[in-house]
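The values are calculated or read from the model by the stated rules, or taken from the named source; none is laboratory data. Bear in mind that the values here come from a model prediction, so they are computed numbers and not experimental data. Please note: Cβ atoms are built from the backbone with ideal geometry, for glycine as well, and neighbour counts cover all protein chains shown. Areas reflect the complete protein model, heavy atoms only, side chains present, ligands, DNA and RNA absent. Shrake-Rupley method; radii C 1.70, N 1.55, O 1.52, S 1.80 Å.
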Amino acid sequence: EDQVTQSPEALRLQEGESSSLNCSYTVSGLRGLFWYRQDPGKGPEFLFTLYSAGEEKEKERLKATLTKKESFLHITAPKPEDSATYLCAVPPDSSNTGKLIFGQGTTLQVKP
Amino acid sequence: DTGVSQDPRHKITKRGQNVTFRCDPISEHNRLYWYRQTLGQGPEFLTYFQNEAQLEKSRLLSDRFSAERPKGSFSTLEIQRTEQGDSAMYLCASSLDQGETQYFGPGTRLLVL
């Protein structure tokens, strides 16, 4: 069964303390890996899409990278406003509809 | 910016009542998805529409759930005879094409008492 696993489940950082979030997946034919940010009580907000191993994308303090079996979301010098839950998702092998399988998310808290 | 909108944002109902949620996708998007999210978990796929055709339903979508997308525009999700286990955030997303980015609405938070 296709799975997406994120680690750690929760991460507390001091402002300016860089770190990385991990997303591992089991689908064999990757058709895109999607990163979203979700604030409490709101819908997920799109961040990045990665399609092939070695691909990297950046946005402000965030950089997403992709290997054959996992993706990393690197956060450089985070600020308190980066506090949120970060979700990754992939389309499963078993469907061509474009639906996504999500990981459980990593909840990031950045303290000033 | 006309993103995905959902109505209502919050709904409190008593067990056994019926509820209906509405989603308005981004206007040019022909693909529409419904997901359900419980606390501490990622969204789980419920159903998918391409234009007005419902092409996939999750086994999570019991007989009490029904979704429609008349004329390929807005969509509704109805839950009949609600149960406490239906309490969750119901999210709608739309995309332009398969493999394209899905953009999510703000969600409807349902609480069944």
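Where nothing but the Cβ of Lys and Arg (+1) and of Asp and Glu (-1) is charged, how large is the charge dipole of chain A around its Cα centre, in debye to the nearest 20? Each step should come with its number before you reach the end.
Working: 13 positive and 15 negative charges, 16 e Å.
Using only the charged Cβ atoms, the result is roughly 80 debye.
Using the heavy atoms of the protein chains alone and a 1.4 angstrom probe, what is the accessible area of chain B per residue in square angstrom?
Working: 5860 Å² over 113 residues.
Counting only protein heavy atoms, the per-residue value for chain B is 52 Å².
Within the range B:20-42, whose backbone N sits under 19 Å from a point 7 Å along Cα→Cβ of A:Gln104?
B:36-42
How large is the charge dipole for chain B, taken about the Cα centre, if only the Cβ atoms of Lys, Arg (+1) and Asp, Glu (-1) carry charge, to the nearest 20 debye? Can you show the working numbers first?
Working: 14 positive and 14 negative charges, 113 e Å.
My answer is approximately 540 debye.
Give me the inter-chain shielding for B:38-44: mean count of other chain Cβ atoms within 10 Å, whole number please. Working shown, then result.
Working: counts 0, 0, 6, 5, 15, 10, 4.
Neighbouring Cβ atoms belonging to other protein chains average 6 per residue here.
Given points 7 Å out from each Cα along the Cα-Cβ axis, report the B:Gln98 to B:Gln80 separation in nanometres with one decimal.
3.2
On average, how many beta carbons from a partner chain sit within 10 Å of the beta carbon of a residue in A:43-50? Mind showing how you got there, number by number?
Values: counts 16, 11, 3, 5, 1, 1, 4, 0.
Whole-number average of other-chain Cβ neighbours for A:43-50 is 5.
How much of the accessible area of the range A:4-111, in percent, comes from carbon and sulfur atoms when a 1.4 Å probe is used? Could you put the intermediate results ahead of the total?
Working: 2300 of 4800 Å².
Heavy-atom surface of the range A:4-111 belonging to carbon and sulfur, 1.4 Å probe: 48 percent.
Within the accessible area of chain B, what % is carbon and sulfur when the probe is 1.4 Å and the other protein chains stay in place?
Numbers: 2570 of 5860 Å².
Accessible surface attributable to carbon and sulfur in chain B totals 44 percent.
Cα centroid distance between the range A:1-58 and the range B:52-110, in Å?
With the range A:1-58 and the range B:52-110 each reduced to a Cα centre, they are spaced 23 Å.
On average, how many beta carbons from a partner chain sit within 10 Å of the beta carbon of a residue in B:79-92?
Working: counts 0, 0, 0, 0, 0, 0, 0, 0, 0, 0, 4, 0, 4, 1.
What the average comes to for B:79-92 is 1.
Can you compute 3J(HN,Hα) from phi for each residue in the range B:14-24, using the Karplus curve 6.51 cos²θ - 1.76 cosθ + 1.60 with θ = phi - 60°, rounded to whole Hz and x for Gly and Pro?
8, 3, x, 7, 9, 9, 9, 10, 10, 10, 10
Just want the answer: with Cβ charges of +1 for Lys and Arg and -1 for Asp and Glu, which residue in A:Pro8, A:Ser52, A:Leu21 is farthest toward the dipole's positive end in the range A:4-111?
Value: A:Ser52.
Across the range A:1-85, how many lysine pairs, 8 or more apart or on two chains, come within less than 19 Å at their alpha-carbon atoms?
Numbers: A:Lys57/A:Lys68; A:Lys57/A:Lys69; A:Lys59/A:Lys79; A:Lys63/A:Lys79.
For the range A:1-85, the number of qualifying lysine pairs is 4.
If every alpha-carbon in chain B counts as one equal scatterer, what log10 I(q)/I(0) does Debye give at q = 0.11, 0.13 1/Å?
One equal scatterer on each Cα of chain B leads to -0.31, -0.44.
Given the convex hull of the Cα atoms of chain A, what is a quarter of its surface area in nm²? Please list the in-between numbers first.
Values: hull surface 26.4 nm².
Projected area, direction-averaged: 6.6 nm².
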